[in-house]
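Working notes for the structure below.
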Amino acid sequence: MYKITTAAGKEKLAERVTWIRRHASGKAYLICPREKAEGCAVSGNCYLYSDGAQIHEFDVGDTISVIDADAMNADQEYRLVLLELGLNE
């Protein structure tokens with residue numbers, strides 16, 4: 001997964017990005033390998049390093065397991081409150 005941060009501080013998450021660079025004319029963008037990229041495109045929007053964009057790749061697996069654990073803890077606390085109030089089935 002990729003996290004894109006613009007110069008203005010806006011963040012966008014994307015599963016896939018298309019690596020791009022500017023054509024020599026400066027009027028178009030070309031798809032290229034990551035090593036030659038000047039930025040990326042996601043959903044029709046271009047994020048260029050020269051404009052201050054930062055693109056970071058990260059593993060979402062660790063984040064998901066933490067979120068799942070938090071959801072389980074919240075569910076358990078909810079069920080305990082229902083039991084304490086005598087609202088169990």
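Zone of S50 (label point 7 Å along Cα→Cβ, backbone N under 16 Å): which residues in the range 13-41?
Taking a point 7 Å out along Cα→Cβ of S50, the residues of the range 13-41 whose backbone N falls under 16 Å are 20-32, 36-41.
Per DSSP helix of 4 or more residues, -39500 (n - 2.57); summed, then divided by the residues of the chain. What does that give at 222 nm, rounded to the nearest 500?
Mean residue ellipticity at 222 nm (helix-derived): -9500 deg cm²/dmol.
Pop out the carbon and sulfur fraction of the accessible area of the chain as a percent, whole number, probe 1.4 Å.
The nonpolar share, carbon plus sulfur, comes to 52 percent.
Give me a comma-separated list of calculated 3J(HN,Hα) values for the range 8-20, in order, Karplus coefficients 6.51, -1.76, 1.60 applied at θ = phi - 60°, integers in Hz, x for any Gly or Pro.
7, x, 6, 10, 9, 9, 8, 6, 9, 10, 9, 6, 9
The values are calculated or read from the model by the stated rules, or taken from the named source; none is laboratory data. Predicted model, so just to flag it, every value in this text is computed and none were measured. For neighbour counting, all protein chains shown are included, and Cβ atoms are generated from backbone atoms with ideal geometry for every residue, glycine included. Note: areas computed on protein heavy atoms with side chains; ligands, DNA, RNA excluded. Shrake-Rupley method; radii C 1.70, N 1.55, O 1.52, S 1.80 Å.
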